[in-house]
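Structure record follows, encoded as structure tokens.
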Amino acid sequence: MSDEFDDIQAIFFEECAEGLTTAEQGLSAMQAGDVSAEVIAGVFRAVHSIKGGAGAFGHADLTAFAHKFENVLDEVRGGKIPPSPGVVKVMLSAFDILSDHVESAKGLAPRPADQAALAALEQVLANKGADDGTPAASPAPAPAAEEAPAAPAGDADEFGFVPMAVSLDDFDAPAEAPAADTAWIVTFKPSRAALANAGEPLLIIRELEALGGEVVAVDTAAVPPLRDLDPEDAYLTWTLRVPGDVAEGDINDCFDFVAPDSVVEVRRDQAPAPVAEAEAAPAAIADEFGFVPVSAGIEDFAAEMQRVVETIAAASPPISGIETPAIAPKAGGEAQQTIRVDLGKLDLLLNLVGELVIRNSILADRLSPADRQRVELPELARLTRQIQDNVMSLRAQPIKQAFSRVPRMLRDLSVETGKQILLETVGETTEVDKGVIEKIGDPLTHMIRNAADHGLESAEERIAAGKSPEGTIKLSAEQRGARIFVRVQDNGRGINREKVRAKAVEKGIIGADAQLSNEEIDQLICAPGFSTADTISNISGRGVGMDVVRSNVEALGGRVEIHSVPGEGTTFTMILPLTLAILDGMIVRLAGQRFVLPLAHVLETVQPEPGQVKRTSPDSEVIDMRGEYVPVKRATEIFGLNDDRAIEDSLVVIVENEGSGKVGLVVDTIDDRREVVIKSLDQNLHPIRGLGGATILGDGSIALILDIEALVASTNRFTPKGLAA
């Protein structure tokens, strides 16, 4: 039983993580000025779900804090507290404490000190969101003329008194409390999501009946014709009368585990029926709400539903023959049904699909063209590709999950540094493998902190430089081929290359006489232990920031590129591979070895004529392409492979990438065009610059996949381990 409880609680903590992400995104949107009802309701639902689950598992501290937080959100949602900047600031602070409470409930952190946050929430509730922190003022007394009209002068003379305006506020009598017999009116309509999560509405109604409640009406107007009836949807709306002496909190507790998109309304009956007219109460309620009254007993529901079904059946047109109606698309706001699957199972399925692609390639190699058509091999390849794409989509998650922690981080950094920082995000919907999302958290954190501390200037410096006092950090993501590009760009001062070089010489990272290009100087900031900070602070100064970025990204089989313009800003780019993908590749040979060149980068291939390729320096060549000179790189030289083949006996593959434009890549021959499965090198060997992975060809041999982005960007020869001839 303990293991089962732990498993269920683990699911709860996963849902907590999702709820915290949703709440943080909503609060960040509110801070940015989006205080729409949809955003506020999203934050409320997230906190409400965390509170309900915490109560079920006995996390009392988390439940109590979430309950207070939920109270404030409920008042904001209901329009009783305005979502002013001061209120949003209090809720952002409360969110931080709520996150700490979740970590404490997991046993990963001590109980947070939440007294200040609770006091701030209480203050907001008491002040109704007044920013100045003073209690909300009582309504001003109504003008005397509205309370009591002045008596005619003649009346004063006749009765011997002086007329005066009298207000009830002048008396010391306490405010009138609601009468004990003023009942609660509860309206309840479960959502489709509530039924999908086994939220049985009759159980909730029984709880209300245990409090003395009584069903007075059921609205059946939403019940569709029989042929359109969906057994998984909810159509009925119940109205119940609960005795007025029942606490409102006890009523709300009955709905703790109801899906938050259900309709739940609790209010006082404005016109309580006298005891003598108790029998007329159901009819009165029906008139007020427009509901069909029924007898208030659970045992009568079956008979009532039978009557409704018979009425619908009688009104529906006769059905000739058996017809299967088309499934209507789900409404946009309807909750999607999901299932949680262990990532290990998805990894296994992904690998099996990869093996299926490889077997398909083997069949293609061993069968003649006629046999391929006879066994419908192209159709098999198409179906295999569709399966692979769908399995990949199971692991793919929007990179928004990694980006969602940045707004909170920048809020803290803005306070610590005293700088005004704006955040822009682009490409949040770019889907990335879940494993990659989990591993880029640390690199992303260090790049953001580096941009905020080193990149952006203070407001005074920016004004003096003719810039806006607010610095901007732009976070973007995009997918190109089998690579994910994640960029952190700031519009700050740029890299001070003289200071970087001097610090590198001081630390012994480079020699004093070293000749380095601007790009190589920029890369020095990723050296272990390197920092240009003059003092050590909570943000930087220990030399472990960009070093962590490069090592973590390279561990993923990716690389980090840095581009900086003094006075304009710096851009850090993480170029990350997909864990597994199928790509269209060109099988080429280099010094007798087979490699795969991704077709997505290929523009054309050329058999060079004598004199078409010209050497412009000892280390560079160009090819004349119809009057346009395109740089040429010999792949064999880049990888340190021995090859004495003349350029006229080789092929030049013209490839293109965003950073370097067109480049001619010299290869020996082109063998074939084939769909191949990318296997990550860091999981099986180690990351190698210039290679994007490996694959298994149809004959069972292994071919390395060329990383065009790295090859055309490389300016120096490098010899990866294991490739030297």
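In nm, what is the difference between 0.36 nm times the number of residues separating Ser84 and Glu506 and their Cα-Cα distance?
Stretched fully, the Ser84-Glu506 segment lengthens by 146.8 nm.
Note down the nm distance, to one decimal, between modelled labels 7 Å out along Cα→Cβ at Ala247 and at Arg405.
Placing both labels 7 Å beyond Cα along the Cβ direction yields 3.9 nm.
With a 10 Å radius around each residue's Cβ, average the other Cβ atoms per peptide and rank 61-73, 507-519, highest first. Don't skip to the answer; put the middle values down first.
Numbers: 61-73: 21.8, 507-519: 11.4.
Top of the packing list down: 61-73, 507-519.
Per residue, how much accessible area does the range 348-418 have with a 1.4 Å probe, in Å²?
57
May I ask you to order 592-601, 382-391 by the average number of other C-beta atoms within 10 Å around their residues, highest value first?
592-601, 382-391
Using a Förster distance of 41 angstrom, determine the FRET efficiency expected from the C-beta separation of Glu265 and Val548, and round it to 0.05.
Rounded to the nearest 0.05, the efficiency is 0.20.
Stretch Leu516-Ile702 to full length: gain in nm at 0.36 nm per residue minus the Cα-Cα span?
63.2 nm
Using a basic spin-label model with each label point 7 Å from the Cα along Cα→Cβ, how many nm lie between Arg374 and Glu438?
4.8
Compute the accessible area per residue over the range 1-73, keeping the other protein chains in place, probe 1.4 Å, unit Å².
About 45 Å² of surface per residue is accessible.
For the residue pair Val426 and Asp649, what label-to-label distance in nm results when each label sits 7 Å from Cα along the Cα-to-beta-carbon direction?
Roughly 4.8 nm, to one decimal.
Quick one: 3J(HN,Hα) in Hz for the range 452-460, Karplus 6.51/-1.76/1.60 with θ = phi - 60°, rounded, Gly and Pro as x.
6, 8, 8, x, 7, 8, 6, 4, 5
If amide H atoms are built 1.01 Å from N in the plane of the peptide, which residues on other chains or at least 5 residues away come under 5 Å of the amide H of Val426?
Distant-sequence amide H within range of Val426: Leu475, Ser476, Ala477.
Please work out the Kirkwood hydrodynamic radius for the range 52-106, using every pair of different C-alpha atoms, and report it in angstroms with one decimal place.
So the Kirkwood estimate lands at 11.8 Å.
Need the C-alpha centroid separation for the range 383-413 versus the range 604-633, integer Å.
42
Quick one: if the Förster radius is 41 Å, what FRET efficiency do Gln123 and Lys345 give, using the C-beta to C-beta distance and rounding to 0.05?
Rounded to the nearest 0.05, the efficiency is 0.25.
Convert each backbone phi in the range 94-103 into a coupling constant with the Karplus relation 6.51 cos²θ - 1.76 cosθ + 1.60 (shift: θ = phi - 60°), then list the ³J(HN,Hα) values in order as whole Hz, x for Gly and Pro.
Per-residue couplings from phi come out as 5, 4, 4, 5, 4, 4, 5, 5, 5, 4 Hz.
The values are calculated or read from the model by the stated rules, or taken from the named source; none is laboratory data. The model shown is predicted, which means the values in this text are computed figures rather than measured ones. Every residue, glycine as well, gets a Cβ built from its backbone with ideal geometry; the counts of neighbours run over all protein chains shown. Note: areas computed on protein heavy atoms with side chains; ligands, DNA, RNA excluded. Shrake-Rupley method; radii C 1.70, N 1.55, O 1.52, S 1.80 Å.
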